[in-house]
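A short write-up of the structure that comes next.
All of the numbers you see were taken from the coordinates with simple rules; none came from a lab. Because the structure is a prediction, the values reported are computed rather than measured. Ideal geometry is used to build each Cβ from the backbone, glycine not excepted, and the neighbour counts take in all protein chains shown.
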Amino acid sequence: MMMQKNSSAWLWVLPLYYLRKLYPPPPPPPSNLHRNLMSKQFQFKLVLLGESAVGKSSLVLRFVKDQFDDYRESTIGAAFLTQTVTLDDGAAVKFEIWDTAGQERYKSLAPMYYRNANCAVVVYDITQSSSLEKARTWIRELQRQADRSIVIALCGNKADLEERRQVTQEEAKKYAEEEGLMWSETSAKSGDGVQEIFTEIAKKLPLTALPSARSGAARPAGGARAGVDLNRQAGANPGGDACNC
Ligand SMILES: Nc1nc2c(ncn2[C@@H]2O[C@H](COP(=O)(O)OP(=O)(O)OP(=O)(O)O)[C@@H](O)[C@H]2O)c(=O)[nH]1
Ligand SMILES: [Mg+2]
C-alpha cells in the first residue's frame, strides 16, 4: 500500500522537475549598485574656472536649466550643481559641477574645487583678450596641481558678440592644440555649443575605469563614494544652486 503511494507521488515530481528546467523562475531584481552598473551611470567632478564675468555661471545655468539671465550677480565663493548627459551608447554621465567665483579675492579657494576634479572647463570671453591670458594661467595651474588625468576644455564664451571679438578662433585653437586641450566656443546667451562642450567632455572621460581604481576615474552612480560627499558638504540640492551663483 505504502509503495503504491510513493510511486504515484513520483508521477507528479518528475514532470514538475522538467517543467522547472524548461521554465526557470525569473532572477531576483538587481540591487541599486548592479542596476547602475548595468545601465552604465557614471559620476564625475567638473570644475569651472576663469576670470570674473566671462560667463561661467551663465554656462552652467544654460546647461542645467536651459536658462539665461542678462543681469547675473557675480558668484560668491562657489556654486554646486549637477546635470546628467546621456551618450549615444546609453551611458549616463552625471556631472557634479563646481562653478567657482572668478573674482581675485576668491582665488585661494580654487584648489579646493579643482582637487580630485576629473574635468575642468576653463572659460574666457572672446571679447576680452585679457580673459584668455587669465585662462592660460588657470590651465598652467591645473597642469601643475590638479590630477594628472584631468580632462581640460578651453571654452571661448559670448560667441554671440562676434562684432566685439578680440580673441580669434585660430589663436585659441592653436594654443589648445599645443597644450593638448579640448577647445570650443559657446554662447550661454543663445545656447550655441553649450550642450556640445559637456557632451564632448563626457565622451573623453574614462568610462571604462573601475570606481575608485585610481583618482580621476569614473564612479558608478549610487556606488559607495570614497572621500567627501559633495552634495552634503555644500548642503546642496542636486540640480539646484548650493550657494550664490
Ligand atoms: N552676450 C552674452 N553675455 C553673456 C554670455 N554669458 C554670460 N553673459 C553675461 O556676462 C555677465 C557675467 O556672467 P556670469 O555668468 O555671471 O559670469 P561669471 O564668469 O560666472 O562671473 P563670476 O561669478 O564673477 O566669476 C552676465 O551679465 C551675463 O548675462 C554670453 O554667452 N553672451
Ligand atoms: Mg559666476
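Quick one: what are the phi-derived ³J(HN,Hα) couplings along region 135-141, Karplus 6.51/-1.76/1.60 with θ = phi - 60°, whole Hz, x for glycine and proline?
4, 4, 4, 5, 5, 4, 5
Say each of Asp89 and Leu11 gets a label point 7 Å from the Cα, pointing the same way as Cα to Cβ; how far apart are those two points in nm?
The modelled label-to-label distance comes out at 5.7 nm.
Amide H of Lys45: which non-local residues (sequence gap of 5 or more, or other chain) have their own amide H closer than 5 Å, using H built in the peptide plane?
Correct list: Glu96, Asn118, Cys119.
Name the residues whose placed amide hydrogens come within less than 5 Å of the amide hydrogen of Ile152, ignoring near sequence neighbours (fewer than 5 apart) on the same chain.
Ala120, Met182
Using Cα pairs under 8 angstrom and six or more residues apart, how large is the relative contact order of region 61-149, in percent?
For region 61-149, the relative contact order is 19 percent.
Compute the distance in nm between two label points, each set 7 Å from the Cα along the Cα-to-Cβ direction, one at Tyr23 and one at Leu207.
3.8
Please get the size of the charge dipole for region 40-229, origin at its Cα centre, with Cβ charges of +1 on Lys and Arg and -1 on Asp and Glu, quoted in debye to the nearest 20.
About 800 debye.
From Cα pairs below 8 angstrom and at least 6 apart in sequence, can you work out the relative contact order of region 40-229, rounded to a whole percent?
Working: 366 pairs, mean separation 48.7, N = 190.
Here the relative contact order equals 26 percent.
Run the reach check for Lys107 against lysines, Cα to Cα strictly under 29 Å, same-chain hits fewer than 8 apart removed. What comes back?
Once the sequence-local lysines are set aside, what remains near Lys107 is Lys45, Lys56, Lys65, Lys94, Lys134, Lys158, Lys173, Lys174, Lys189, Lys204.
If packing is taken as the mean number of other Cβ atoms within 10 Å per residue, what is the order of 56-63, 174-181, highest first?
Ranked from most to least packed, the peptides come out as 56-63, 174-181.
Please report Val85, Val93 as a ranked list, fewest other C-beta atoms within 10 angstrom at the top and most at the bottom.
Ranking Val85, Val93 by Cβ neighbours within 10 Å, fewest first, gives Val85, Val93.
I need the peptides 186-193, 70-77 ranked by packing, meaning the mean over residues of other C-beta atoms within 10 angstrom, with the highest value on top.
Final packing ranking: 186-193, 70-77.
Would you mind computing, in nm to one decimal, how far apart the modelled labels at Glu178 and Glu104 are, each placed 7 Å from Cα along Cα→Cβ?
Each label point lies 7 Å from its Cα, and together they span 2.6 nm.
Starting with the fewest neighbours, write out Lys45, Lys107 ranked by other beta-carbon atoms found within 10 Å of each beta-carbon.
Taking fewest neighbouring Cβ atoms as first place, the list is Lys107, Lys45.
Evaluate E = 1/(1 + (r/R0)^6) for Gln145 and Ser74, where r is the Cβ-Cβ distance and R0 equals 25 Å; express this FRET efficiency to the nearest 0.05.
According to the calculation, E is roughly 0.55.
How do Cys119, Cys155 line up, fewest other C-beta atoms within 10 Å first?
Cys119, Cys155
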